[in-house]
Amino acid sequence: MNRPPAARARTLVAGIGNIFLGDDGFGVETARRLAERDLPGDIEVVDIGVRGMHLAYQLLDGYDTLVLVDATARGEAPGTLYVIEHDVGAGSSSLGTPALDGHRMTPDAVLALLDTLCAGTGARPPRRVLVVGCEPASVDEGIGLSAQVSHAVPEAVRLIEELLRGAEPSVAQASSAEALT
């Protein structure tokens, strides 16, 4: 008996941020550059920008892995890259009701909304959620990345490609939901 080939797990790489707030556009620029690469068909790269609600609804389409790419202030030197693994098993319900501001949803609010949507629809959230973050120099009004963050973009693309291949990244790592704020 011939079995159909198993469907490959789908991965969504979502660049998030506001291009009008300097280094907050890191995720959008990184996603743009990653989308230019030759990636397997089961990997989708999207520029979400500030449309967090759209991201939550898109995730209902069924993804095994979600990689969020965003500016992430953690107190290190600007341009420092991080890989943060969200503890999916802990859920996001402890965050309370998600704020439904379609243009200001933080990654933790998107995941909390996704939990609510999944509970209501029977859909399953991604099994694995990673954040590839970059320490911003400035998120003041203005278009364009700082030199430090701009130089980190190609390294972030390389890092994401490593993660998509299942390799262990060689950057600062953290594992907690608190890092998503």
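So GLY75 ticks every box in (1) more than 30 Å from ALA119 (Cα to Cα); (2) part of a helix (DSSP H, G or I) but one. Which box is left unticked? Answer for GLY75: the failing condition is (2). Evaluate region 88-107: report whether one residue or more is open to solvent by 60 Å² or more (accessible area, probe 1.4 Å), modelled with pLDDT of 85 or more and under 16 Å from the mean Cα position of the chain (by Cα). Checked region 88-107: no residue is open to solvent by 60 Å² or more (accessible area, probe 1.4 Å), modelled with pLDDT of 85 or more and under 16 Å from the mean Cα position of the chain (by Cα).
Scanning region 143-162 for residues that are surrounded by 14 or more Cβ atoms within 10 Å (Cβ to Cβ), of a type in the set (A, V, I, L, M, F, W, C) and outside any helix (DSSP H, G or I) yields one hit, LEU145.
Looking only at residues in region 9-55 that are under 12 Å from ILE160 (Cβ atoms) and part of a loop (DSSP other than H, G, I, E, B), which one is most open to solvent (accessible area, probe 1.4 Å)? My answer is ARG37. Among the residues making up region 56-70, those that are open to solvent by less than 10 Å² (accessible area, probe 1.4 Å) and in a helix (DSSP H, G or I) are ALA56, LEU59. Evaluation of GLN58 against the conditions (1) more than 13 Å from ILE160 (Cβ to Cβ); (2) touching a residue at least 60 places away in the same chain (Cβ under 8 Å) shows that the sole unmet condition is (2). Residues that are of a type in the set (S, T, N, Q) and modelled with pLDDT of 60 or more were ranked within region 1-22; the one that is farthest from THR106 (Cα to Cα) is THR11.
In region 108-142, the residue that is surrounded by the most Cβ atoms within 10 Å (Cβ to Cβ) out of those that are over 20 Å from LEU12 (Cα atoms) and at pLDDT 90 or above is PRO136.
The values are calculated or read from the model by the stated rules, or taken from the named source; none is laboratory data. All of these numbers come straight from a predicted model, not from anything done at the bench. In this analysis, Cβ positions are derived from the backbone assuming ideal geometry, glycine residues included, and neighbour counts consider all displayed protein chains. When the accessible area is computed, the model is the full protein with side chains, heavy atoms only, and any ligands, DNA or RNA have been set aside. Shrake-Rupley method; radii C 1.70, N 1.55, O 1.52, S 1.80 Å.
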